[in-house]
1. How many residues does the stretch 46-99 contain that are in contact (Cβ under 8 Å) with a residue 60 or more places away in the chain and in a loop (DSSP other than H, G, I, E, B)?
2. Quick one: how many residues across the stretch 1-36 are of a type in the set (Ser, Thr, Tyr), within 19 Å of residue 58 (Cα to Cα) and loosely packed, with under 13 Cβ neighbours inside 10 Å?
Amino acid sequence: MILAFTLSMPNSPSWNGQWSGAGRKYVITKSFRGKKEEEKAATLAYTGYYRYNFSDGWSAGVNVDKVDSRQAAELRKESDGFCGYEWMVRSICEHGEIRA
């Protein structure tokens, strides 16, 4: 099973209410193989959305969607990276939530 993790910043208390990365695509794809890993992936995809509050008015959101290999390849081509927030994907995969 392949999951796509897509980053957003739903709360951005900047002067114009926009995140400087708004309008760009930030995606990480991750493959889960084997029964145990696929069960974990199914749980992550079922939850579908994870939020992290930075305690300064900003918050991040990570959408998790199941994709096929063709979609994953396309998303990797379109992605502008993950803005240094790869740790959020690791935390979701390890803990089922975003932890600091």
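1. 4
2. Final tally of qualifying residues: 2.
No lab work stands behind these numbers, since they all come straight from the coordinates. This structure is a prediction, so every number in the text was calculated from the model and none was measured. Counting neighbours? That spans all protein chains shown, and the Cβs are built from the backbone with ideal geometry, glycine included.
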